[in-house]
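Here's the structure, in structure tokens; my notes come after.
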Amino acid sequence: MKNHSHVTKLISLAAGVILLGQGCFAPRPTPPVQAPPTSSNPSDAGRFVEYVNGGFSPNEIQIAPGTTVTFVNKTSQPLWVASDPHPAHTNLAGFDSKTVLDQGESYAFTFENVGKWDFHNHKSPGVKGRVIVK
Ligand SMILES: [Cu+2]
């Protein structure tokens, strides 16, 4: 009985090889190439933070020094991205859009300094987020 099932396996294996061989002559659709997940790639050229109804999304991201983060306003509310503390914006010099971003507009900032950089919407200071550079 054992031998018999072994032979059966060999036959089905051989059949499979023959089918594969025939496949070589028939055009086949190319399977879609799956893109690697961008969130876990430390050599990202850039990252995005969206301003949505309810706040920044994600409201905390971790990046490597030298990464550019682009903040995009996805709401009809005014967005003014700025470093904490409000209203001085002095924790991280230069991290301040200095103007209102309307719906669809964006502001990009490159984080060179290691640290935890809290920020807020200057037009709605209770809405906060954090960029961790390490
Ligand atoms: Cu402010």
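The values are calculated or read from the model by the stated rules, or taken from the named source; none is laboratory data. Just so we're clear, the structure is a prediction, and the values are computed from it rather than from any experiment. Note: ideal-geometry Cβ built from the backbone for every residue, glycine included; neighbour counts use all protein chains shown.
I'd like to know if the range 31-46 contains one or more residues that are at pLDDT 95 or above and in a strand (DSSP E or B).
No, there is no match, as no residue in the range 31-46 is at pLDDT 95 or above and in a strand (DSSP E or B).
Can you report the number of residues in the range 84-122 which are within 13 Å of the ligand (Cβ to nearest atom) and in a loop (DSSP other than H, G, I, E, B)?
Going through the range 84-122 one residue at a time, the tally reaches 15.
Checking V131 against (1) under 19 Å from G54 (Cβ atoms); (2) within 14 Å of the ligand (Cβ to nearest atom); (3) of a type in the set (A, V, I, L, M), which single condition isn't satisfied?
Exception for V131: condition (2).
Of the conditions (1) touching a residue at least 40 places away in the same chain (Cβ under 8 Å); (2) of a type outside the set (D, E); (3) away from the ligand (no atom under 16 Å from the Cβ); (4) surrounded by fewer than 15 Cβ atoms within 10 Å (Cβ to Cβ), G54 satisfies every one except a single condition; which number is it?
Here G54 clears every test but (1).
Across the range 66-108, what is the number of residues that are surrounded by 20 or more Cβ atoms within 10 Å (Cβ to Cβ), over 14 Å from G55 (Cα atoms), within 19 Å of the chain's Cα centre (by Cα) and not polar (S, T, N, Q)?
Total satisfying the criteria: 2.
Go through the range 65-83 and give me each residue that's part of a strand (DSSP E or B) and not aromatic (F, W, Y).
If the condition is that a residue be part of a strand (DSSP E or B) and not aromatic (F, W, Y), then T67, T68, V69, T70, V72, N73, L79, V81, A82, S83 are the ones that fit.
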